[in-house]
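What follows is calculated from the coordinates using simple rules that are stated; it is not laboratory data. Every value quoted in this text rests on a predicted model; they were computed, and no experiment measured them. Don't worry about glycine lacking a Cβ; one is built from the backbone with ideal geometry, like all the others, and counts go over all protein chains shown.
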Amino acid sequence: MPDRDVRAFPDAGGEPGRPPAVAADLLGRHLRRLREEAGLRQTDVVAAKVIGSASMLSKYEGAKVPVHEEQVRALVEFYTNGDPGNLQACLDMAKEASVKEWWAEYRDVVPGHSDRLFSQERAAREIRTFETHHVPGLLQTPDYALAIMTEAAADSEGTLHEPDIARVRRRMAVRLQRQMFLFLPGAPDFYAVLDENVLRRTKGSTTVMRGQLRQLYSLAENNRRIHIRVLPFDAPAALAPAHNSVTLLTMEPGQGSDVVYIESSNVGGSYLSDQDSIDQHRQRLTTLFMGAAGKDATLDIIQSHIDRLVGQR
């Protein structure tokens, strides 16, 4: 989404209507635009003693540090000679950006790289995802999620150890709260493509896996906003993205820029927000969805894996 004057945002100046991370992203991009429109480089702002360093200014513009209203005020007044419209809109967004996220009380079990994903997925218009290892977190049953979290309790050499039950319970609470928004009015359309290996790879036990597959079947068959497709074993290799876990968040107007989230089990998660990357991943994920098994064929594949597990322990 191209930058727009914040005064045109539908809820600017009103009650907080955006998740904090989204507000911080919008604010950062607008601060950068105001600076560039004023013909200023970051070093010019530092030289004028409006902010301490170019590095800190970059972090403000990239929404990488907590927002301080007085700093925002100083920047906007310097860039615009105190234009009241821009100043008030930016201060309103600074207040939104300072509100605690819904998972703030679970900060001990929420990795920092998940912040932007958790914040923006609730404000998205559409979510597209591809997974090769696990059922997407937003579609996991509690038992399947518990199996994943328990499985992760191993050291770097793969030696299992007893999981911290209290932490697991808190992670489960976060997972369930994340899932709830998909079933509320106004939820985003959710498009998920699962490599067939996800259905084949048993997590926890066959009972747990059957329950997960049955839920996937039910959602794929009945939920009008959740669209699940399976990439069969015999699908062309060229269809699959280069990454094992890719999510594209397409945002509503006024709710921040679209973003791609790529997760890796060994390095956490990373984000792409430049337009070329967004466009490439959007095309790839859309092509992948269209090239995967259709709805009826997906239901047949899921059912075949349910049947395979019947009678097994």
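Roughly how big is the chain's charge dipole about its Cα centre, with Cβ charges of +1 (Lys, Arg) and -1 (Asp, Glu), in debye to the nearest 20?
Numbers: 38 positive and 42 negative charges, 112 e Å.
Dipole magnitude for the chain comes out near 540 debye.
Less than 12 Å apart at the alpha-carbon level, and either on another chain or at least 8 residues along: which aspartates and glutamates does that give for K100?
Once the sequence-local aspartates and glutamates are set aside, what remains near K100 is D115.
Over the chain, what is the relative contact order in whole percent, taking alpha-carbon pairs under 8 Å and six or more residues apart?
On the way: 441 pairs, mean separation 62.0, N = 313.
Relative contact order comes out at 20 percent.
What is the sum of charges, Lys and Arg at +1 and Asp and Glu at -1, for the other residues whose Cβ falls under 15 Å from the Cβ of Q303?
Within the 15 Å Cβ shell, the charges total +1.
Can you spot the lysines whose alpha carbon is less than 22 Å from K95's alpha carbon? Ignore those fewer than 8 places along the same chain.
Within reach: K59, K64.
Using a 10 Å cut-off on Cβ atoms, rank the peptides 276-285, 37-46, 136-145 from the highest mean neighbour count down. Don't jump to the answer; show the numbers that get you there.
Values: 276-285: 15.7, 37-46: 13.9, 136-145: 20.0.
Highest to lowest by the protection proxy: 136-145, 276-285, 37-46.
Report, for the chain, the % of DSSP beta bridges that are antiparallel, rounded to 5.
Approximately 60 percent, going by the DSSP bridge assignments.
If you work out log10 I(q)/I(0) by the Debye sum over Cα atoms at q = 0.07, 0.10, 0.11, 0.14 Å⁻¹ from the coordinates, which of [x] -0.40, -0.75, -0.88, -1.18; [y] -0.26, -0.55, -0.68, -1.16; [z] -0.33, -0.65, -0.76, -1.10 do you get?
[z]
Can you pull the one-decimal nm distance between simple spin-label points at S98 and E69, each 7 Å off the Cα toward Cβ?
It is 0.5 nm.
For every helix of n ≥ 4 consecutive DSSP H residues, a contribution of -39,500 (n - 2.57) applies; sum these over the chain, divide by its total residues, and give [θ] at 222 nm rounded to the nearest 500 deg cm²/dmol.
Values: 12 runs with 146 residues, N = 313.
Computed ellipticity for the chain at 222 nm equals -14500 deg cm²/dmol.
How about the stretch 58-127: which trypsin sites (Lys or Arg not before Pro) there are in a DSSP loop, with at most 10 other Cβ atoms within 10 Å of their Cβ?
Answer by residue number: K100.
Just how far, in whole angstrom, is the stretch 191-216 from the stretch 35-80 if you go by their alpha carbon centroids?
Computed from Cα coordinates, the inter-centre distance equals 48 Å.
When the chain is modelled as a GNM with alpha-carbon springs shorter than 10 Å, which of D115, D296, D234 fluctuates the most?
Between D115, D296, D234, it is D234 that shows the largest mean-square fluctuation.
What chymotrypsin sites (Phe, Trp or Tyr not before Pro) in the stretch 193-280 are in a loop by DSSP, with at most 16 other Cβ atoms within 10 Å of the Cβ? Don't skip to the end; give the middle numbers.
Values: sites: Y217, F233, Y261, Y271; in loops: F233.
Hits after loop and neighbour filter: F233.
Measure out, as a whole number of angstrom, how far apart the alpha-carbon centroids of the stretch 126-141 and the stretch 273-313 sit.
10
Which percentage, to the nearest 5, of the DSSP beta bridges contained in the stretch 169-313 is antiparallel?
60
Which net charge results for the neighbourhood of T141, defined as the other residues with beta-carbon distances under 13 angstrom from its beta-carbon, given Lys and Arg at +1 and Asp and Glu at -1?
+3
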